[in-house]
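Visitor: Please find one structure pasted underneath; my questions will follow.
Computed from the coordinates by the stated procedures, all read-outs in this text should not be read as laboratory data. What you are looking at is a predicted structure, and each value in this text was computed from that prediction instead of being measured. All Cβ positions, even for glycine, are placed from backbone atoms using ideal geometry, and neighbour counts span all protein chains on display.
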Amino acid sequence: MSGFDPFDGRTTPDGGRVVQTDRVALWCHDDGRTGEPVLLIGGFTAGHFVFDLARPHLAHHRLITWEPRGLGRSECPDPAVEPYSVAMWADDLRALMDALDLERAHIWAVGFGSYIAHRFASQYPERVGAYVTYTDVWAGDSQKGYSQIWAVYSAIAHNFGTTGFGARVLANVFDVSDVPWFGAWESQNIEEVLHPETVDATVGYCLTEADVREDLAGIQAPTLVLQGSRTWDGRTIDPSEDPSLQLMLERVKRIETHLIPDAHPGYVSVQKPAEFAAGARDFLARHPLA
């Protein structure tokens, strides 16, 4: 990949706009294409940037990314006044769709964005076409080890912040070692997405408290679990040993899986963007909005 620039085509905050909804001001980026709308919900460290490398492979869809409250250029109300939650973010997404005059859309979520999307798809089924997602279901899943990750992540963020040296160290917590430019790319994401004042209420909440298990049975949309086959620490496990995946298979009514071999579960989008995009594109084509 000589000469490859992971920042080429980056969806910079200046390229989007802040939308005043009936709840909170939210940053979003709408590429304005004429295809069926797909709302992209990224994780809480790479944020919406996680989809950037897949974008060239999704030219026939209208792609809309956004930043939930507490992240990036969206409004960051004091979480001490009103704690952030999955329920709050899902209602914010409803408000954003209303503000954009978007009655219905496909939803594609990765990482912690899946918490929001699971709740939204369950609470507002009439607004979701097809649903592409990830197996973030509850923070207590022992297979993921999120509480241990937060112990390390919070110590770094609290002591060094989320910019400069702090961002560079945080980028290595979710390291993708076979992507040589990952550290530089992820540290810039962190600088633009995370805020020290809200990191506990966003990343911390998702790693220690978020739980949408009871929402799964309410998801009516055709659903695709699309992720890499590895665990966060690089192991490859049999799908039957993934508690969150098994719970989704048991509870979500219309569900398929597409596990991309030898890839990070969440950052498959940067390892194998063409394959990642193709999995979603083919699924959406089989489940059009009309």
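Visitor: Provide Rg over Rh for segment 58-151; use the alpha carbon set for both Rg and the Kirkwood Rh (inverse mean inverse pair distance).
Guide: That ratio is 0.98, to two decimals.
Visitor: Give me the dipole magnitude in Debye, nearest 20, for segment 1-84 about the Cα centre, with unit charges on the beta carbon: positive for Lys and Arg, negative for Asp and Glu.
Guide: 140
Visitor: For segment 23-43 and segment 141-197, compute the distance between their C-alpha centroids and round to whole Å.
Guide: With segment 23-43 and segment 141-197 each reduced to a Cα centre, they are spaced 25 Å.
Visitor: Taking the Cα centre of the chain as origin, sum charge times position over the Cβ atoms of Lys and Arg (+1) and Asp and Glu (-1), and report the length of that vector in debye to the nearest 20.
Guide: 540
Visitor: Give me the orientation-averaged projected area of the Cα convex hull of segment 1-128, in nm², one decimal.
Guide: Here the figure is 8.2 nm², rounded to one decimal.
Visitor: Next up: Which chymotrypsin sites (Phe, Trp or Tyr not before Pro) in segment 137-234 sit in a loop by DSSP (not H, G, I, E or B) and have at most 15 other Cβ atoms within 10 Å of their own Cβ?
Guide: Counting only loop positions with at most 15 other Cβ atoms within 10 Å, the chymotrypsin sites (Phe, Trp or Tyr not before Pro) in segment 137-234 are 181.
Visitor: Taking every DSSP beta bridge that has both residues in the chain, what percent is antiparallel when rounded to the nearest 5?
Guide: Within the chain, antiparallel bridges account for around 30 percent of the total.
Visitor: Under 8 Å for C-alpha pairs, at least 6 residues apart: give me the relative contact order for the chain, rounded to a whole percent.
Guide: 21
Visitor: Which option, [x] 41, 19, 16; [y] 29, 27, 19; [z] 24, 22, 21, is the value of semi-axes √(5λ) of the Cα gyration tensor in Å that was calculated from these coordinates?
Guide: Of the listed options [x] 41, 19, 16; [y] 29, 27, 19; [z] 24, 22, 21, [z] comes from this structure.
Visitor: To one decimal place, what Kirkwood hydrodynamic radius in Å is obtained for segment 217-269 from all pairs of distinct Cα atoms?
Guide: 11.6
Visitor: Can you tell me the Rg and the Dmax, both Å, for the Cα atoms in segment 152-290?
Guide: Final numbers for Rg and Dmax: 17.1, 51 Å.
Visitor: I want to check the label-to-label distance for residue 217 and residue 289. Put each point 7 Å from Cα in the C-beta direction and report it in nm to one decimal.
Guide: 3.1
Visitor: With 10 angstrom as the radius, rank 275, 192 by how many other C-beta atoms surround their C-beta, starting from the fewest.
Guide: 275, 192
Visitor: Treating only the Cβ atoms of Lys and Arg (+1) and Asp and Glu (-1) as charged, compute the dipole magnitude of segment 111-187 about its Cα centre; round to the nearest 20 debye.
Guide: 180
Visitor: Using only the Cα atoms of segment 76-119, what do you get for the radius of gyration and for Dmax, in Å?
Guide: In Å, with Rg to one decimal and Dmax whole: 11.7, 33.
Visitor: Over segment 120-161, what per residue volume does the convex hull of the Cα atoms give, in whole Å³?
Guide: Cα-based convex hull of segment 120-161, divided per residue, equals 116 Å³.
Visitor: Another question, if that's okay. Two decimals is fine: what's Rg over Rh for segment 148-197, C-alpha atoms, Kirkwood radius as Rh?
Guide: 0.96
Visitor: What is the Å³ per residue value for the convex hull set by the Cα atoms of segment 134-219?
Guide: Normalising the Cα hull of segment 134-219 by residue number yields 113 Å³.
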